[in-house]
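Enquirer: The structure is given below, and queries will be raised subsequently.
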Amino acid sequence: MTTESISTWADHWLTKPLFTLAGTEVTLLSIFTLLLIIVLSLLTSFLVQRVLQRALHKKFESKQGTLAAMLRLVHYMILFVGLGIALQTIGINMSALFAAGAVFAIAIGFAMQNVTQNFVSGIILLVERSIKPGDILEVDGTIIKVIEMGIRTTVGRTLLEEDIIIPNAILSQSTVKNLTFKDDFYWIGTKVGVTYDSDMQKVIEVLTRIIQDLPWRVQNKEPSVHMTEFGSSSVDFAVWVALPTPWRRRYFISELNKAIWFAFKEEGITIAFPQVDVHFDPPVNDAFQNLRSFADIRKETMR
């Protein structure tokens, strides 16, 4: 087989129409061109993200989540533009394609409304940047740290080191607590009750000393002690301390409680617990006395 015949054979198969899409004949050559442009778009996206990351690293050094969200948006924009160029390059009229597939798109939209909803929600989250990788959230009562934000779902990690996948629609349409939205510090509090015969001034002084001496608290956020309630069995106090991060709040609450317990033991302050005094009316008390006398007489008789 000569070189000319091989070339003719290759041209024949590369340009042979495979099917028609939106009035445009699709060939192997057009498919190869489409794939090449998509690969070039991915490569361009990778290079642009690397350049932006190096250029903006210092500017966003304390906001790595914001930088990651911005880079993800750039990635999707380059892919979208690349796909549009690829389709136009192989001769597919985008407007005709959209018109031809309108009915089909509506049917798919109804069938995949949850996927579409999460997709749109992901774009909104990436644009608004109200939630970013590294943020600590409270979702349905569960504390999670955002690890990665995708266009459809967000990956988070719980305090028990479990990875949880959250649809973006939940984050954009539900009430979500972002514990690190503007500040990294987080307030924790604990309550303790003391007996009514305690020296309240001493209790306040001991609690104040405890929270002031905590090595892990945020130093520029002044802790506080409050006498909150006169309970049925105790006088209740509450203390509040600022943490450098909410992620380890269970550990810090435990350390705070232990510090209060050992300090109260050392100072002789009694932590109250519920107690009930029972008083009998005179007739009931007399009945008990008679019952006790009857028991004593019975013991004497049995001897």
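The values are calculated or read from the model by the stated rules, or taken from the named source; none is laboratory data. Owing to the predicted nature of the structure, the values given are computational and were not obtained by experimental measurement. Every residue, glycine as well, gets a Cβ built from its backbone with ideal geometry; the counts of neighbours run over all protein chains shown. Please note that ligands, DNA and RNA were not included when accessible areas were found on the heavy atoms of the full protein model with its side chains. Shrake-Rupley method; radii C 1.70, N 1.55, O 1.52, S 1.80 Å.
Enquirer: May I ask you to evaluate 6.51 cos²θ - 1.76 cosθ + 1.60, the Karplus curve with θ = phi - 60°, for each residue of the stretch 252-269 and list the ³J(HN,Hα) values in order in whole Hz, giving x for glycine and proline?
Expert: For the stretch 252-269, the Karplus curve yields 5, 5, 4, 5, 5, 5, 5, 4, 5, 4, 5, 5, 5, 4, 5, 8, x, 8 Hz.
Enquirer: Moving on to the next point. Can you send over the solvent-accessible area of residue 165, 1.4 Å probe, protein chains only, in Å² to the nearest 10?
Expert: Rounded to the nearest 10, the figure is 120 Å².
Enquirer: Something else now. For the stretch 184-255, what are the per-bin percents of Cα-Cα distances with bins 5 Å wide, up to the bin holding the maximum?
Expert: Reading the bins upward from 0: 3, 16, 27, 22, 15, 10, 6, 1, 0.
Enquirer: Let me ask something additional. So how long is each side of the stretch 115-199 along the principal axes, counting just the alpha-carbon atoms, biggest first, in Å?
Expert: Cα spread of the stretch 115-199 along its principal axes, largest to smallest: 64, 25, 20 Å.
Enquirer: Return the FRET efficiency for the residue pair residue 248, residue 44: r is the Cβ-Cβ distance, R0 is 41 Å, and the value is rounded to the nearest 0.05.
Expert: After rounding to 0.05, the efficiency reads 0.50.
Enquirer: Given Cα pairs under 8 Å that are at least 6 residues apart, what percent is the relative contact order of the stretch 138-225?
Expert: 17 percent
Enquirer: In whole percent, how big is the carbon plus sulfur part of the accessible area of the stretch 127-254, probe 1.4 Å, protein atoms only?
Expert: 49 percent
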